[in-house]
Amino acid sequence: MAPSEAVEAEALQSVCLAAADVFAGVGLSSAAGWNQTTDDWALFIAQGEAIGLRTARSELVATAATLPYEGGHAWISMVLVDPAWQHRGLATRLLAQCIESLRARRMVPTLDATPAGEAVYRKLGFLRGFGFSRWERDAAASTAAEAVDPRVREATQDELADCMALDTQACGLGRAALLASLAGRQGSRAWRLDDARGLATGFVIAREGRRAAQIGPLVAAGDAQAIGLLRAALAATPGPVFIDVPDAREALSGWLIAHGFRLQRSFMRMALRAQLPPYLAEAPSSLFAVAGPEFG
Ligand SMILES: CC(C)(COP(=O)(O)OP(=O)(O)OC[C@H]1O[C@@H](n2cnc3c(N)ncnc32)[C@H](O)[C@@H]1OP(=O)(O)O)[C@@H](O)C(=O)NCCC(=O)NCCS
């Protein structure tokens, strides 16, 4: 880094983002080709803590956000640096701030990294957990009729509340408030699959994204049940779709390829701990799609 660049980076102002910064945040995530909407940024600002770096002309050039979950984990996301400002230590600086704030609250920093992010996080001591892949299908490929399993039914917000324990079992994160908020958005829909006694055995949520609808989390007892839930979500989602599937779910990945999906990018779950618990090291068997790398 040239000395003048270091001085410029040093002069950036650290800020806590507020509701008025939602559009600047979307500007940065959109420039990186990401899928987050104004609702997502508003959620990070309202339920978590979003921080950034601003130039003297008040341009937002870097961001990071933390979202606390029950049970001791907090999700770090939206680590974005304007391309003109990259490789000057800005992501590292914002992450250090996030980590300090989470450690002060005794929360474990956890995240899903892109390959570029992974390089930054590994240097900071994050350990690598399971990998997952984003699959995408465009609108043109989505016209084929999907046969929907009649045992899968659309769930109201109240009916989805019964599924929160399944989510926690599937990913180890206590985030009922987050999922209620995702499912409660305009344009979101959810489905569940019950056993013979009427108890939920799996569920899926679909929500709107900037580039494509996001399907996830998808939690189910097995491959057939997961595919049944996914068919219902896809049948109701005519446009482009993104879904983030653990690499260990090979049957579902094969099904996606056979149904017109293509691989977009890979992610790595990571946490700043001395040793990863099993649910971060390996994708638990009932986790078929994560909520999205910004939420885990
Ligand atoms: C990833 C990103 C946030 C890094 O921001 P940054 O401010 O340039 O990162 P830093 O300067 O703090 O980098 C620290 C170190 O991480 C490593 N690193 C950073 N970006 C890297 C990349 N694209 N590829 C490989 N290593 C990288 C390097 O070792 C770097 O040190 P160096 O610049 O001295 O070589 C930025 O490239 C970005 O916004 N990318 C697009 C969005 C994204 O992928 N975000 C991560 C989400 S998990």
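The values are calculated or read from the model by the stated rules, or taken from the named source; none is laboratory data. Model, not experiment: these values are computed from the prediction. Cβ atoms come from the backbone with ideal geometry, glycine included; neighbour counts cover every protein chain shown.
All of Leu80, Leu43, Leu53, Leu28 fail the test of being crowded, with 20+ Cβ neighbours inside 10 Å, hydrophobic (A, V, I, L, M, F, W, C) and farther than 25 Å from Ala119 by Cβ, apart from Leu43. Please find, within segment 102-119, the residue that is farthest from the ligand (Cβ to nearest atom) out of those that are under 16 Å from Ala274 (Cβ atoms) and over 15 Å from the mean Cα position of the chain (by Cα). This residue is Arg106. Figure legend. Inter-residue proximity from segment 1-29: first residues more than 14 Å from the ligand (Cβ to nearest atom), second residues among the basic types (Lys, Arg), beta-carbon distance below 7 Å, spacing 6+ or different chains. Indicated pairs: Gln13/Arg54; Val15/Arg54. Going by the structure shown, is Arg88 assigned by TED's automatic domain parsing to the domain that holds Ala226, crowded, with 17+ Cβ neighbours inside 10 Å and either within 16 Å of the ligand (Cβ to nearest atom) or modelled with pLDDT of 95 or more (or both)? Answer is no for this residue.
Taking the criterion of being part of a strand (DSSP E or B) and within 19 Å of Ala271 (Cβ to Cβ), would at least one residue in segment 13-35 satisfy it? No, the conditions are met nowhere in segment 13-35. Scanning segment 131-163 for residues that are surrounded by 18 or more Cβ atoms within 10 Å (Cβ to Cβ), modelled with pLDDT of 90 or more and assigned to a helix (DSSP H, G or I) yields a single hit, Leu160.
Applying a threshold of 7 Å to beta carbon distances and a minimum spacing of six or more residues, or different chains, the list of pairs starting in segment 251-264 at a residue that is more than 11 Å from Arg134 (Cα to Cα) and ending at one that is surrounded by fewer than 17 Cβ atoms within 10 Å (Cβ to Cβ) and not basic (Lys, Arg) reads Ala251/Asp223; Leu252/Asp223; Gly260/Ala141. Out of Gly52, Gly48, Gly72, one residue alone is at pLDDT below 95 and either in contact with a strand residue (DSSP E or B) (Cβ under 9 Å, 6 or more places away or on another chain) or near the ligand (Cβ under 9 Å from one of its atoms) (or both). It is Gly72. Applying the set (1) more than 19 Å from the chain's Cα centre (by Cα); (2) acidic (Asp, Glu); (3) away from the ligand (no atom under 16 Å from the Cβ) to Asp39 leaves exactly one unmet item: (1).
Number of residues in segment 91-101 that are within 11 Å of the ligand (Cβ to nearest atom) and in contact (Cβ under 8 Å) with a residue 40 or more places away in the chain: the value is 2.
Scanning segment 271-296 for residues that are in contact with an Asp or Glu (Cβ under 7 Å, 6 or more places away or on another chain), of a type in the set (A, V, I, L, M) and closer than 15 Å to Leu111 by Cβ yields a single hit, Val290. As for segment 238-250, it holds at least one residue that is free of Cβ contacts under 8 Å to residues at least 60 places away in the same chain and either assigned by TED's automatic domain parsing to the domain that holds Val79 or touching an Asp or Glu at 6+ places or on another chain (Cβ under 8 Å) (or both).
Yes or no, residue by residue, for (1) touching a Cys at 6+ places or on another chain (Cβ under 6 Å); (2) of a type in the set (A, V, I, L, M, F, W, C); (3) in contact (Cβ under 8 Å) with a residue 12 or more places away in the chain; (4) farther than 21 Å from His73 by Cβ:
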site	(1), (2), (3), (4)
Ala165	no, yes, no, no
Gly174	no, no, yes, no
Leu182	no, yes, yes, no
Ile205	no, yes, yes, no
Ala221	no, yes, yes, yes
Ala232	no, yes, yes, yes
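Note on segment 112-130: residues that are among the hydroxyl-bearing types (Ser, Thr, Tyr) and buried (at least 21 other Cβ atoms within 10 Å of the Cβ) total 1. Which of the residues spanning segment 253-292 are part of a strand (DSSP E or B) and either at pLDDT below 95 or polar (S, T, N, Q) (or both)? Within segment 253-292, Gln264, Ser266 qualify.
Every residue, every condition in (1) acidic (Asp, Glu); (2) out of contact with any strand residue (DSSP E or B) (no Cβ under 8 Å at 6 or more places or on another chain); (3) surrounded by 22 or more Cβ atoms within 10 Å (Cβ to Cβ); (4) in a loop (DSSP other than H, G, I, E, B), yes or no:
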| residue | (1), (2), (3), (4) |
| --- | --- |
| Gly202 | no, no, yes, no |
| Gly216 | no, no, yes, no |
| Phe242 | no, no, no, no |
| Ala248 | no, no, no, yes |
